[in-house]
Amino acid sequence: MAPIKWQLDPAHTNLEFAVRHLMIATVRGRFGSVQGSIDANEADPRSATVDVTSMWHRLTRGRSSATRIYAPLTSFRSTDSRLCAL
């Protein structure tokens, strides 16, 4: 099988996080302007990779927006993939 490349649809993609603070509160947020792709090969699922880029200047936390962000662009590329039973 030939490798397949899927583009993430920014209108239907969310990149969210949750961080536990002092074991008493969870801070949640969302990055904006997410773009990326998934490369996969049906014959070798473990070779799949994910590339995601997000604009930090669109970072929101709860009802407020972050105002001091030093790195305006961040990228993530997967380094390993594993098969999981659902």
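Among the residues of the stretch 1-45, what is the count of those that are of a type in the set (Val, Ile, Thr), outside any strand (DSSP E or B) and in contact (Cβ under 8 Å) with a residue 12 or more places away in the chain? Steps first, please.
We begin by selecting, within the stretch 1-45, every residue of a type in the set (Val, Ile, Thr); these are 4, 13, 19, 24, 26-27, 34, 38.
Still in the list and also outside any strand (DSSP E or B): 13, 24.
From what's left, in contact (Cβ under 8 Å) with a residue 12 or more places away in the chain: 13.
So the count comes out to 1.
Within the stretch 1-30, the set of residues being of a type in the set (A, V, I, L, M, F, W, C), over 19 Å from Ser54 (Cα atoms) and surrounded by fewer than 11 Cβ atoms within 10 Å (Cβ to Cβ) comprises Met1, Ala2, Leu22, Met23, Ile24, Ala25.
Laboratory data are not the source of any read-out in this text; all were calculated from the coordinates shown. This one's a predicted model, so the numbers in the text were calculated from it and none came from an experiment. As a convention, Cβ positions derive from the backbone with ideal geometry for all residues, glycine included, and neighbour counts pool all protein chains shown.
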